[in-house]
Amino acid sequence: MKTIVGSITQRGQVTIPAEVRKILGVEPRGKVAFEIVDNQVRLVPLKYTLESAFGAVKPPTSTKDLNKAIKDAKEEKVDRDAELYRS
């Protein structure tokens, strides 16, 4: 077992040593999770967060596409409701 010592700032911040970041596979601005089991803390990389997903889906480039999607959805809803009333 290898031990690497770090310091805690007055604000409770700890710099993760480069060797540990490399093992975890995290980069600057990455996220880690602290897993606590039986009073033992384990540092693990967090691969998926809301922040990491931000920007993954491109917004529509035109409101025409969005307006068409809204119109289509409304028409489908009318068709479904009409089918229910015919039954």
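Okay, here's what the table says:
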| quantity | calculated |
| --- | --- |
| Qualifying residue in segment 47-58 (condition: surrounded by 10 or more Cβ atoms within 10 Å (Cβ to Cβ) and free of Cβ contacts under 8 Å to residues at least 12 places away in the same chain) | yes |
| Failed criterion for Val32 (all others in (1) outside any strand (DSSP E or B); (2) β-branched (Val, Ile, Thr); (3) surrounded by 12 or more Cβ atoms within 10 Å (Cβ to Cβ) hold) | (1) |
| Residue pairs meeting the criteria (Cβ under 8 Å; at least 6 apart or on separate chains; first modelled with pLDDT under 85, in segment 63-75; second of a type outside the set (Val, Ile, Thr)) | Leu66/Pro60 |
| Hits in segment 6-29 (condition: of a type in the set (Val, Ile, Thr) and exposed (fewer than 10 other Cβ atoms within 10 Å of the Cβ)) | Ile8, Thr9 |
| Residue list for segment 19-45, restricted to those being hydrophobic (A, V, I, L, M, F, W, C) and under 19 Å from Met1 (Cβ atoms) | Val20, Ile23, Leu24, Val37, Val41, Leu43, Val44 |
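The values are calculated or read from the model by the stated rules, or taken from the named source; none is laboratory data. Keep in mind that this is a model prediction, so the values were computed, not measured. For neighbour counting, all protein chains shown are included, and Cβ atoms are generated from backbone atoms with ideal geometry for every residue, glycine included.
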